[in-house]
Each structure stands twice: as C-alpha cells, then as structure tokens.
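Q: The following block contains the structure, expressed as structure tokens.
The values are calculated or read from the model by the stated rules, or taken from the named source; none is laboratory data. Quantities reported herein were computed from a predicted structural model and do not represent experimental measurements. Note: ideal-geometry Cβ built from the backbone for every residue, glycine included; neighbour counts use all protein chains shown.
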Amino acid sequence: MLNAALAGEQDVPEHADHDPFHFDYVDSDEPNALALCGDGHSFIGVTIPLLDRLWQSASRVADSADVATLLNMQLSEAERTSMNVQQRIAVGVFRLELLFIVLHEWTHVVHGHVRPDDAGFANEVLARNDGNIEQQARESDADGYAAYHMLENIINGPERAHVVSVLAMGDKTVDVQEKLLLCCFIIAVAAYLFTCEPQEVNSETAYTFQHPPQALRMNLLMKSVKTWCYQNRQTLHEWLTLQPFQRLMNLVATATWGMNGGDDWSEQIRFLKSPDGMAYAERVEVALIEQIKQGYRN
C-alpha cells in the first residue's frame, strides 16, 4: 500500500529533485525510521522494533475506556463480528502512526534534508546529543509537512473512507466525522511521541539534540495542524482550542504511561516556560521559518 502511494507521487515544483521512492521494513535491534538516497532510489525504512512499539502504543490507546467513549462506536452485529471496538481503535491508530512516520521521512527527501552523498541518517526515536538547531528545525519541518499532508489525506483525501470504515463512523454526520478524524490524528501522533523517552533538557543540552524535546515538537506540529484547519476547515480551527487538545493529550499520556520509562513532559514544559527555554524555542522556530522561506528546490 505504501509503495503504491509513493509510486503515485505527483511532481511538485517546490520539491527537491529526487529518485523514485521505495519503502521497506528493516531488521534492526533499535526502533527507528530512516530516509536514504542513493543507487537511483529514495529509500524509506521502518525497523521491526519500531513497528512493534507502534502496535504496543496503539493497543494501549485501544484499551482506554475514555478513548472508546470519545469515538462512541455503535457497531452492528456484522461489524462486531469483523472487529470489536478495541481492535478497530488499535488498527486505526497504528495505521495513522505509521503513515505519519513514513510522511515524515518522505519530507526529509522532498525537502532536500537527505542527499545522495549523506553518510548517515537521524535516529527518529532514541535521543541523541550530536545535533544542533538547524537539524531540529529540519525535523520540525518534516513533522509539520507530514501533518499537513496527513490531514489533507484523512479529511479531504482517499484515506478518509478507510478510517471512517475501520472506526465505524459511517452513521455520524460529516462535522462529527471530521472532528473525530482530527482527534484520531492527534491521538496517533501523541501515542508515537509518548513512546519516546523524554530528553533531559536545560539551557545547554537543548541546543545539542537532533529533535526538539517532545513538548516543543508537539507544539510546533500543532501549529501546522492549526494552519491546515484555518485554510481548509474553519469549523475545526475554531473547535481546536487548548482545552480539547489538552484532553486528547491527557487521554494518550494515561493510556501509554510507562512505555517511555515512566517519565512525563513536565520538566520539559517547565524549562520551555523559563526565559532560557523561551529563547531556545524561539531559536528553533526562527530557524524553521528561515528554512521554509529559503525553499527546498535543490
């Protein structure tokens, strides 16, 4: 499915030149996703341990009574025979997690973050301290572009019918469906990020990460979500205030508790609210804006 979708990629003038895509699974001891360019291909890989972690997080979310209440599935006898509520939530969240990660890696290629002469690739899950602000801006760019395309696909595109079917939303109004689709995307991204051990961030370490701390990463990603909603669904833009967002984050944090080592994002949030933290976050956002302004064409 993923290779068929990547093969149908349209030529976008703003994108960097790149070879045809190929997606595959990677045997590894580490949970990771990667993008590599060379030998006539743009390769996107997801390791088996990362797939296992995504399925575990999706299954945790599926066991949450609060998530089941939010989705409020009313299954017919035939639908219940096919998959129960928990199975449907697990399948839906896992699929959205995987699609987001693949689109994140796809962005690294089409935005020119990965070149054929690059020697390595970023670790997408395990925290590393050999990065810089520019690299964090590239990762934020990949998050935001992936989020934008995900929402276009699951609300305006072909993925909508699949998610609506899996999560038994067919009996709901269009407005309710779209709110739930947006909720499911936020839940999926949060479930993925909550599986990662939070970075220990301070005024020195913040500038050395490959990815922004999860709390900042989610904040920047949500700006892209709000932008898509503002441009395409004003009703969703008006609905997605701090209160529903925090409710979704709390649901996922509770459901996945312990997967990241038992730590939450409170220390990260405390730092980001400090003068040093605000200065750091501004540096990342300025670098992100500069990358977008410069464009990606070669």
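Q: Name the pairs: first residue in segment 275-295 and more than 13 Å from residue 134 (Cβ to Cβ) and surrounded by 12 or more Cβ atoms within 10 Å (Cβ to Cβ), second residue modelled with pLDDT under 95 and of a type in the set (Asp, Glu), Cβ to Cβ under 9 Å, at least 6 apart or on different chains?
A: Here the result reads 295/14, each pair linking segment 275-295 to a residue that is modelled with pLDDT under 95 and of a type in the set (Asp, Glu).
Q: While we're on this one: Tell me, which residue of segment 168-197 that is hydroxyl-bearing (Ser, Thr, Tyr) and crowded, with 16+ Cβ neighbours inside 10 Å is nearest to residue 102 (Cα to Cα)? I'd like the intermediate steps shown before the answer.
A: Filtering segment 168-197 for residues hydroxyl-bearing (Ser, Thr, Tyr) gives 173, 192, 195.
Add one more test, that the residue is crowded, with 16+ Cβ neighbours inside 10 Å, and what stays is 192, 195.
Details: 192: 13, 195: 17 Å.
For segment 168-197, the residue satisfying everything is 192.
Q: So in segment 134-144, with the set limited to residues that are buried (at least 19 other Cβ atoms within 10 Å of the Cβ) and out of contact with any His (no Cβ under 7 Å at 6 or more places or on another chain), which one is nearest to residue 283 (Cα to Cα)?
A: Here the residue is 137.
Q: State all residues of segment 20-63 that are of a type in the set (D, E, K, R), touching a residue at least 24 places away in the same chain (Cβ under 8 Å) and out of contact with any helix residue (DSSP H, G or I) (no Cβ under 7 Å at 6 or more places or on another chain); if no residue qualifies, say none.
A: Across segment 20-63, the qualifying residue is only 53.
Q: Also, I was wondering about something else. If you scan segment 41-73, which residues turn out to be among the polar types (S, T, N, Q) and surrounded by fewer than 20 Cβ atoms within 10 Å (Cβ to Cβ)? Even if it seems obvious, please write down each step before you answer.
A: So in segment 41-73, the residues among the polar types (S, T, N, Q) come out as 42, 47, 56-57, 59, 64, 69, 72.
Result: 56, 59, 64, 69, 72.
Q: Now for a separate question. Taking interchain pairs and intrachain pairs at least six residues apart, which have beta carbon atoms under 6 angstrom, with the first residue in segment 69-92 and free of Cβ contacts under 8 Å to residues at least 40 places away in the same chain and the second of a type in the set (S, T, N, Q)?
A: 90/59
Q: Please go through segment 247-298 and give me each residue that is under 23 Å from residue 54 (Cβ atoms), among the acidic types (Asp, Glu) and within 19 Å of the chain's Cα centre (by Cα), ordered by number.
A: Residues of segment 247-298 under 23 Å from residue 54 (Cβ atoms): 247-265, 268.
With among the acidic types (Asp, Glu) added as a condition, the list becomes 263-264.
Passing the criteria: only 264.
Q: For residues in segment 153-179 being in a helix (DSSP H, G or I) and among the small types (Gly, Ala, Ser), which is farthest from residue 80 (Cα to Cα)?
A: In this case the residue turns out to be 161.
Q: In addition: Going through segment 103-120 one residue at a time, which ones are surrounded by 20 or more Cβ atoms within 10 Å (Cβ to Cβ), of a type in the set (A, V, I, L, M) and either more than 12 Å from residue 42 (Cα to Cα) or at pLDDT below 90 (or both)?
A: Passing the criteria: 103, 114.
Q: Could you say which residue among 36, 51, 75 is in a strand (DSSP E or B) and farther than 24 Å from residue 224 by Cβ?
A: 36
Q: Any idea which of (1) closer than 19 Å to residue 276 by Cβ; (2) crowded, with 19+ Cβ neighbours inside 10 Å; (3) not polar (S, T, N, Q) is the one residue 200 doesn't satisfy?
A: (2)
Q: While we're here: Yes or no: segment 65-81 includes at least one residue that is over 28 Å from residue 183 (Cβ atoms), of a type in the set (D, E, K, R) and modelled with pLDDT under 90. Walk me through it before giving the result.
A: Applying the first criterion (over 28 Å from residue 183 (Cβ atoms)) to segment 65-81 yields none.
No, that holds for no residue.
Q: Okay, next question. Criterion first (among the hydroxyl-bearing types (Ser, Thr, Tyr) and more than 15 Å from residue 140 (Cα to Cα)) does residue 224 satisfy it?
A: Numbers: among the hydroxyl-bearing types (Ser, Thr, Tyr): yes; more than 15 Å from residue 140 (Cα to Cα): no.
No; evaluated as a whole, the condition is false for this residue.
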